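Below: one structure, written as structure tokens.
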């Protein structure tokens, strides 16, 4: 690796404190800044580094411009025993999602499940960052998100963008580590497309269409005028599956929140759906774990196509990476600290030193 691309490692608590200080210096309250910093760091710890601390510079610019608001609380639009709809008032998405999990947890414990739909959230970062704690606590957690102000994914068979990558994530307990699924309804994401374009990299397969509908491995078509699109999950052969998933996520987010693509765009943000399910209200947590552990074991024991690459469960590599980075330091993408340096200098905040 060259000096410009080498990843330096930083102690997790120090890089979190640095992010926290920058967010507080931009006007966020201490509790909200702490939660945003924790969620962004969690993204990097799990290996989702396009949706971790890489987002911090953009969040700070949004705070400066007022398009991310600093103060809450969220506005409750409707609330029944186990469901609620909130207007996030464009507050930081990581805080709103964690607040929704806090609201839903005791209700799911009492009634078996609970859900929150959030309109007008700001960006919510890495969805996998919300899964581990509830799943380790014996709950099934699901988070889905769309950005009604952005369209970069065309419906299957089309060339005009309608959707964002529309991620959906789910975590659930086993007898060991939880399973943590974080996927999108598209083959890749906007953030990864931009990073690959900037690095001059090509996709492994045809992941994009140019504006004329020609498949390509070049992410640069997404940024041309007129722009190309990201293919739905499944690509040219089976993209109807990603298309269907995108439509479902639109219904769970914009549909249940009553606010989305049918409304005027407000800028970078999210419409969100959060659901928690308590297996204890069904056949019991131990029965749930017996089933999920059996399937998890069967997956791990499946004869691998490549003996050097045994079958893993979703989230397994991320949790292993998190443990390794907590011990040996977080390997930050080399673009992150330079993107924050000028702001930190103005605020008198010292960047952490590499390990």
Q: Return a yes/no flag: does segment 99-108 have any residue that is part of a strand (DSSP E or B), on the phi < 0 side of the Ramachandran plot, crowded, with 24+ Cβ neighbours inside 10 Å and in contact with a strand residue (DSSP E or B) (Cβ under 8 Å, 6 or more places away or on another chain).
A: no
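Results for (1) at pLDDT 95 or above; (2) over 22 Å from residue 198 (Cβ atoms); (3) more than 21 Å from the chain's Cα centre (by Cα); (4) not in a helix (DSSP H, G or I), shown as yes or no for each residue.
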site	(1), (2), (3), (4)
317	yes, yes, no, no
325	yes, yes, no, no
339	yes, no, no, no
344	yes, yes, yes, no
_Looking at segment 314-334, can you tell me whether even one residue there is loosely packed, with under 15 Cβ neighbours inside 10 Å and within 27 Å of residue 246 (Cα to Cα)?_
yes
Of the candidates 58, 27, the one satisfying the condition of being assigned to a loop (DSSP other than H, G, I, E, B), assigned by TED's automatic domain parsing to the domain that holds residue 257 and either at positive phi or at pLDDT 95 or above (or both) is 27
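The values are calculated or read from the model by the stated rules, or taken from the named source; none is laboratory data. These figures come from a predicted structure and were not determined experimentally. Cβ: placed from backbone, ideal geometry, glycine included. Neighbour counts: every protein chain shown.
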